[in-house]
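Inspection log for the structure reproduced underneath, given as structure tokens.
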Amino acid sequence: MRKILLVDDERWVRTALKWTINKLNLPLQVVHECSNGLEALDWIKLNEVDLILTDIRMPIMDGIALVKELSTLKGEYDVIVISVHDEFHFIQQAMRGGVTDYLLKPIEETEIKACLEKWLNKKSSEGITSKQTKPEKETLPLSTIDRVLEYIKKTPLDQITLKEAAESIHINPSYLSQLFKQQLNKKFVDYITELRIEESKRLLQNTSLRMSEIAERVGYSDLAYFSNNFKKVVGCSPSEYRNIHLKKDESKTKRATSIESGT
């Protein structure tokens, strides 16, 4: 049974899609629903899924940004985007980003069935090829530092501390601190700060979250402290960074629309 994640800001759309998918009697199961791309991204980082059905137009993080962020994660994700006819340039943008297929609203039962069957056949063919060509890999035990890095990757940034990270693999915090310095040539706190700033940059570019929400999400309870740290590392304030990238994105969209329309 293949697992599906539904992402749409309208609850009734998710309910209708789930009902239709269940009615098709295909080897598919909707295992979770999310109302925006950021919520989906958080869930995907901690759970396994085979296929993501996502709307393009959503608040906080839209479908295009979600597809872009998925490409930065470890693993391959199949995505089918959902849109309306007058937003076809968004679908083209998503297809260039590597999505599997698309559906246009209003979605007919016959269309979603054909789309999902096509995807299932593709996965079946890939599975046969993979079994024929994939050599068996020897699984090596993870080193102490790798185990810590795995813990950090799976834990929300606002919950990471040296003490908690050390406890997760049953070692002393001071030993972990030394280990970081020896093997990664940086302090634990500096490593986490880098991750927090990188994540905040992604959120500033790809979501409409407020500054205070971003600060809290990456582990800063004080907005001023977050802004100072961000400026120290990046060279500009969070709001300046967002404005710069908004202008860049607007310019790219105008250019792409101009090329597609032949003007």
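Here are the criteria: (1) under 17 Å from residue 155 (Cβ atoms); (2) surrounded by 13 or more Cβ atoms within 10 Å (Cβ to Cβ); (3) in contact with a Leu (Cβ under 9 Å, 6 or more places away or on another chain). Tell me which single one residue 189 does not satisfy.
(2)
Can we say residue 224 is without any contact (Cβ under 8 Å) to a residue 24 or more places away in the chain and buried (at least 17 other Cβ atoms within 10 Å of the Cβ)?
No: the conditions fail for residue 224.
Could you identify the single residue in 5, 38 that is surrounded by 14 or more Cβ atoms within 10 Å (Cβ to Cβ) and in contact with a helix residue (DSSP H, G or I) (Cβ under 7 Å, 6 or more places away or on another chain)?
Just a single option satisfies the conditions, and that option is 5.
For region 32-40, state whether one or more residues are more than 14 Å from the chain's Cα centre (by Cα) and either part of a strand (DSSP E or B) or assigned by TED's automatic domain parsing to the domain that holds residue 121 (or both).
Yes, the conditions are met somewhere in region 32-40.
Results for (1) of a type in the set (S, T, N, Q); (2) not in a helix (DSSP H, G or I), shown as yes or no for each residue.
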{"site": "49", "(1), (2)": "no, yes"}
{"site": "66", "(1), (2)": "no, no"}
{"site": "80", "(1), (2)": "no, yes"}
{"site": "88", "(1), (2)": "no, no"}
{"site": "92", "(1), (2)": "yes, no"}
{"site": "103", "(1), (2)": "no, yes"}
{"site": "117", "(1), (2)": "no, no"}
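Can you list the helices (runs of 4 or more DSSP H) lying wholly within region 150-257 that have 2 or more residues being charged (D, E, K, R) and closer than 29 Å to residue 59 by Cβ?
Of the helices (runs of 4 or more DSSP H) lying wholly inside region 150-257, those with at least 2 residues that are charged (D, E, K, R) and closer than 29 Å to residue 59 by Cβ span 188-206, 211-217.
Whether any residue in region 83-94 is over 17 Å from the mean Cα position of the chain (by Cα) and closer than 15 Å to residue 7 by Cα is what I want to check.
Checked region 83-94: at least one residue is over 17 Å from the mean Cα position of the chain (by Cα) and closer than 15 Å to residue 7 by Cα.
Per-residue answers, yes or no, for (1) modelled with pLDDT under 90; (2) within 22 Å of residue 154 (Cβ to Cβ); (3) not charged (D, E, K, R):
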{"site": "12", "(1), (2), (3)": "no, no, yes"}
{"site": "40", "(1), (2), (3)": "no, yes, yes"}
{"site": "45", "(1), (2), (3)": "yes, yes, no"}
{"site": "61", "(1), (2), (3)": "no, yes, yes"}
{"site": "71", "(1), (2), (3)": "yes, yes, yes"}
{"site": "80", "(1), (2), (3)": "no, no, yes"}
{"site": "90", "(1), (2), (3)": "yes, no, yes"}
{"site": "99", "(1), (2), (3)": "yes, no, yes"}
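The values are calculated or read from the model by the stated rules, or taken from the named source; none is laboratory data. Computed from a predicted model, the values in this text were never measured in an experiment. When we count neighbours, we look across all protein chains shown, and the Cβ atoms used for this are built from the backbone with ideal geometry, even at glycine.
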